[in-house]
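Accompanying notes for the structure given below.
The values are calculated or read from the model by the stated rules, or taken from the named source; none is laboratory data. Just so it is clear, the model here is predicted, and its values are computed rather than measured. Reconstructed Cβ throughout: ideal geometry from the backbone, glycine too, with neighbour counts over all protein chains shown. Heads up: the accessible areas ignore ligands, DNA and RNA and are worked out on the full protein's heavy atoms, side chains in. Shrake-Rupley method; radii C 1.70, N 1.55, O 1.52, S 1.80 Å.
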Amino acid sequence: MSSTTPTLSANAVERARQSAEVRVFEPHKVGLPPMRRYFKDMWARRSFANELSRAEMRAAQTNTFFGRLWLVINPLLLAAVYFLLVGILSGAALTPTKFAHLLVTLFAFYFVSNCITGGATSVVKGSKLVMNQAFPRALLPMSAVRTALRRFAPTLIVTGAIMVLVHVPLGLGTLMAIPSFLITMVFGAGMAMLFGTLQVYFRDTSAFLPYFVRIWLYLSPVIWTAEDMVGKKFDLPIIKVNPLYPMFVTYNDALIMDKISAPWMWAAASGWALAAFIGGGLYFISREREFSVRL
Amino acid sequence: MVELAEQEGMEPVEARKVLGIDVTDQVAVKVEKLDVIYRTSYEKVPTFKSALKRMGKGERVVKEVLALHDVSFEITHGTVLGIVGHNGAGKSTLMRAIAGILPPSAGRIEVHGRISTLLALGVGFNPALSGRENVMLGGLAAGLSREEVNERYQVIADFAELGEFIEMPMRTYSSGMFSRLAFSVAVHMEPDVLIIDEALSAGDAKFKKKAAQKMDELMGQARTMLLVSHALGTIKEMCNDAIWLDHGRLMGRGDPGEMVDAYLHHLDVGDDATAMEDL
Ligand SMILES: Nc1ncnc2c1ncn2[C@@H]1O[C@H](COP(=O)(O)OP(=O)(O)OP(=O)(O)O)[C@@H](O)[C@H]1O
Ligand SMILES: [Mg+2]
């Protein structure tokens, strides 16, 4: 045990400033707390979300070498399975480019799926903290998004390697993968907040999630591409109503085809992402003060 | 209200300063006409499945519990307020409302300064993570910076005396170890307002003594404290002001001795030794 006595009041002025702070708690009629205060608090406590994600990954051992390796191998195997499956069922030619498409979009899908499943359990898992401390609860799903991002990061190496291996064209268009992924991230954050709230009200939400996610995967341009669909029975307009459709099309166009997708595709992707983020965020924040009596 | 100086056996209290200004006589917590209503369903765990079943039957199972009604009081910085009342009187509810965890259903709460809580309803800890990680997370959630938590960490760990268990997942802790760490965190966060809900009897005899000493020290610094305890002796001894809650209503406010007596009289158990004991 250490015998040194650390100085506690190193930051006296700052502490005094905080002491002068006044908090007022009043009933909420419309449901939303003062938003400026909320975001200020959230920003001030962002390191909490980081630390929570880091600690949880440590506990789940995702940050070890083999933990990271598994994050890459799992989708890789899955991609191989789908590749063969689609090849056999459709009888289409199995080109390396197709495999590359399958892999990079599958990684992106895994990211969204991790946002959803991690976000869903984030509030309920943090119940002890929610019951005992006042802090902007939206930090909990945000921490899940950070974890999803951390799990996505090692797959970028494989993405890079496969792009080189199959000689995808590289150019300015390729760079568009960055805004495309950022849009997907905003969407993922919205989903995390939406499902985080749902899980509080319906504890079986996370039990339904695997089916929901699986169906969403089949409906998204991951194991098929937009081009595959042309002239097929399933080439229905409804398939394009899927929020992940424009996100993955722009991502695939950028990474695999070195192409900038049509403006409406970008508009659709951004629109969905903003709608999910604002909708999910408002739903979460308007409900969060009820969490402490629901958990 | 009782004047500090009149209180027998109390050390003269040094002035509490914020930005060099004496805030001893300034409002710390102000509660106005507070109502808190719990809305809960009878189901233990709410599920989509049961919601569907209910919809089929067309019933709604939401029960409203009026846990606090028309509670108003005000305390100044430096007050050590005891809260007494029967089980279910609304003491924990009041503490959680003041901490900003439960939103009021009506009325208003004003808190001046930073709050640290040690609440009865399980401490704010994640059992899968180590003691060290939990201390860090608790501090960050409370709004401290990483550096500020690190500054305090060693003191917190030393005080809790958990040895190497501080690095172990908290699911491996005994309940006494749990409460030692919780107490240590709460008192070392240097809050302006410290809320302690039935947690003073934490740990073994040795730790209890240490905890009591720490409480004395905090009182010497004229910190504002809200103390909920069924150990009425503790309330009488430590507090310089008290409120008495009964079925969510404020029954009285004043000298801790008087409040405890009034409460005991109301319960009709008399000034029994068992009620005074610190169990
Ligand atoms: N989550 C909840 N949902 C519904 N009702 C609740 C909830 N928590 C507390 N209550 C009710 O609110 C009232 C006040 O409870 P509270 O926990 O504040 O009592 P208390 O004074 O702290 O009691 P104790 O001395 O047993 O700790 C009680 O009637 C209790 O049944
Ligand atoms: Mg209680």
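Key figures
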quantity	calculated
Two-site label geometry, B:Lys49 and B:Asp261: point separation in nm, points 7 Å out along Cα→Cβ	5.8
Proximal charge balance of A:Ala134 [Cβ under 10 Å; K/R count +1, D/E count -1]	+3
Ratio Rg/Rh, restricted to segment A:199-295 and using Cα atoms, in which Rh is the Kirkwood radius	1.08
Difference of contour (0.36 nm per residue) and Cα-Cα distance, B:Lys209 to B:Thr40	56.9 nm
Residues losing 20 Å² or more accessible surface upon assembly, segment A:131-150, compared with the chain by itself, 1.4 Å	A:Met131, A:Asn132, A:Gln133, A:Ala134
Quotient of Cα Rg and 2.2 N^0.38 Å for segment B:185-251, N being how many residues it contains	1.15
Quotient of Cα Rg and 2.2 N^0.38 Å for segment A:34-294, N being how many residues it contains	1.04
Listed residues A:Arg37, A:Arg46, A:Arg150, most fluctuating in chain A (Gaussian network, C-alpha, under 10 Å)	A:Arg37
Inter-site label distance for B:Asn150 and A:Asn74 at 7 Å from Cα along Cβ, in nm	3.2
Of the DSSP H helices in chain A, those whose Cα atoms cover at least 24 Å axially and whose Kyte score averages 1.0 or more	A:65-90, A:177-201
Heavy-atom accessible area, 1.4 Å probe, ligands and nucleic acids excluded: residues of segment A:159-205 down by at least 10 Å² from chain alone	A:Tyr201, A:Phe202, A:Arg203, A:Asp204
For chain A, built as a Gaussian network whose Cα springs stay under 10 Å, the top-fluctuating residue of A:Asn114, A:Asn74, A:Asn252	A:Asn74
Total charge dipole magnitude, the protein assembly as shown, about the Cα centre, Cβ charges on Lys, Arg, Asp, Glu only, Debye to nearest 20	3100
HN-Hα J in Hz across segment B:220-228 - Karplus 6.51, -1.76, 1.60, θ = phi - 60°, x for Gly and Pro	x, 7, 6, 6, 8, 9, 10, 10, 9
FRET efficiency estimate (nearest 0.05) - Cβ-Cβ, A:Leu219 to B:Phe73, R0 51 angstrom	0.30
Sulfur and carbon atoms: percent of accessible area, segment A:113-243 [1.4 Å]	75
Additional length obtainable on full extension of the chain from A:Met229 to A:Asp204, 0.36 nm per residue less Cα span	5.5 nm
Spatially proximal lysines relative to B:Lys49 (Cα-Cα < 25 Å; intrachain offsets below 8 disregarded)	A:Lys125, B:Lys57, B:Lys63
FRET efficiency, 1/(1 + (r/R0)^6) with R0 35 Å, evaluated for A:Val81 and A:Trp264 via beta carbons	0.55
Residue (of A:Ile157, A:Pro136, A:Tyr251) at the positive-pole extreme of segment A:34-294, dipole from beta-carbon charges	A:Pro136
3J(HN,Hα) from dihedral phi, segment B:242-257, Karplus parametrisation 6.51/-1.76/1.60, rounded to Hz, x for glycine, proline	7, 10, 10, 9, 9, 6, x, 10, 7, 8, x, 8, x, 4, x, x
Sorted largest first, extent of the protein assembly as shown alpha carbons per principal axis (Å)	92, 62, 41
For B:Gly90, net neighbour charge (Lys/Arg +1, Asp/Glu -1) across residues whose Cβ lies under 13 Å away	-1
Residue-wise HN-Hα coupling along segment B:162-167, computed from phi with Karplus coefficients 6.51, -1.76, 1.60 (Hz; x: Gly, Pro)	9, x, 6, 5, 4, 9
Estimated buried accessible area (total), pair A and B, 1.4 Å, Å² to nearest 100	4800
Cα centroid of segment B:136-162 to Cα centroid of segment A:227-295, whole Å	41
Rounded to 5, percent antiparallel among DSSP beta bridges of the protein assembly as shown	60
